[in-house]
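Below: the structure, in structure tokens.
The values are calculated or read from the model by the stated rules, or taken from the named source; none is laboratory data. Treat the numbers as computed from the prediction; the structure is a model and nothing was measured. Cβ atoms come from the backbone with ideal geometry, glycine included; neighbour counts cover every protein chain shown.
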Amino acid sequence: MDIVKYGHPVLREKGQRIERVTPEIRQLAADMLETMYAAEGLGLAAQQVGRALMLTVIDVGHVTDRPSEMFGAGNPQDLKTAMPLMLINPQIRNPEGEQVASEGCLSIPDVNAEIRRAWKVTVHAQSLDGRQIIFDCTGLLARAAQHELDHLNGILFTERMDAATRVSFAGKLKKMQKETLAALRQTAKPRRSSSPHRAGLVRL
């Protein structure tokens, strides 16, 4: 799937709650996971593929230089076997502590910044098979969960930057937004080619 870039209106939309897990939702989650791996990302929200839904996928099981912990019912979980996570209607509760570390976003390429997040959070969500999922997590997994939940609420990590960092990236973000909107206008124009029109989002 194409990952939408900064400036696309869907990135500012709050996701619609998913009331029923349909085959289409399962396929979307699978496609998002494949897209995330292809882009070498750690997480991907539905808004990033043009769908304003409360759905995100996460996989930090292979990361060794930025540790994470995951607990279910108070018991440590093996990250490698617990991943990937496909979370429907997730919520974050009980934030504790603080961590400041470098963060980026697949929808905002070549922009990285030190972002302040909670060190530990509790995640409540639903699985693709309808089960309720509750787990505590720390470190990188907690950061990824907070980043993705922001996406589901139409919030970008640029809004978590300090003022000086936002100013330093202002020119790059403005250029990216302009290019994204120009590409969207171009795809909205009727094509004169005899080839069939392929609806969808543009990869920039």
*Which ones in the stretch 48-92 are within 19 Å of the chain's Cα centre (by Cα), within 23 Å of Gly130 (Cβ to Cβ) and polar (S, T, N, Q)?*
Thr56, Asn89, Gln91
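Determine whether Arg12 is touching a residue at least 60 places away in the same chain (Cβ under 8 Å) and surrounded by fewer than 22 Cβ atoms within 10 Å (Cβ to Cβ). Working first, answer last.
Numbers: touching a residue at least 60 places away in the same chain (Cβ under 8 Å): yes; surrounded by fewer than 22 Cβ atoms within 10 Å (Cβ to Cβ): yes.
Considered against the rule, which asks whether it is touching a residue at least 60 places away in the same chain (Cβ under 8 Å) and surrounded by fewer than 22 Cβ atoms within 10 Å (Cβ to Cβ), Arg12 comes out as yes.
Only residues that are under 13 Å from the mean Cα position of the chain (by Cα) and not in a loop (DSSP other than H, G, I, E, B): list them for the stretch 93-107, please. Full working, then the answer.
The first filter runs over the stretch 93-107 and keeps only residues under 13 Å from the mean Cα position of the chain (by Cα), leaving 103-107.
Glu103 - this is the single residue of the stretch 93-107 that is under 13 Å from the mean Cα position of the chain (by Cα) and not in a loop (DSSP other than H, G, I, E, B).
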*Determine if the stretch 187-195 includes at least one residue that is at negative phi, surrounded by 11 or more Cβ atoms within 10 Å (Cβ to Cβ), assigned to a helix (DSSP H, G or I) and modelled with pLDDT of 90 or more.*
no
*Tell me which residues, restricted to the stretch 30-54, are out of contact with any helix residue (DSSP H, G or I) (no Cβ under 9 Å at 6 or more places or on another chain), over 13 Å from Ser107 (Cα atoms), hydrophobic (A, V, I, L, M, F, W, C) and surrounded by 13 or more Cβ atoms within 10 Å (Cβ to Cβ).*
Ala30, Leu33
_So, in the stretch 7-65, exactly how many residues are over 29 Å from Arg185 (Cα atoms), of a type in the set (Lys, Arg) and assigned to a helix (DSSP H, G or I)?_
1
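Select, from Asp129, Asp110, Asp150, the only residue that is acidic (Asp, Glu), over 19 Å from Gly41 (Cβ atoms) and either at pLDDT 95 or above or not in a helix (DSSP H, G or I) (or both). Show your work before the answer.
On the way: Asp110 fails: over 19 Å from Gly41 (Cβ atoms); Asp150 fails: over 19 Å from Gly41 (Cβ atoms).
Answer to the check: Asp129.
Return yes or no: is Leu44 closer than 12 Å to His151 by Cβ and touching a residue at least 60 places away in the same chain (Cβ under 8 Å)?
On the way: closer than 12 Å to His151 by Cβ: yes; touching a residue at least 60 places away in the same chain (Cβ under 8 Å): yes.
When the stated conditions are applied, Leu44 passes them.
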*of a type in the set (A, V, I, L, M, F, W, C), out of contact with any Gly (no Cβ under 7 Å at 6 or more places or on another chain), over 29 Å from Gly171 (Cα atoms) and touching a residue at least 24 places away in the same chain (Cβ under 8 Å), is that true of Ala113?*
no
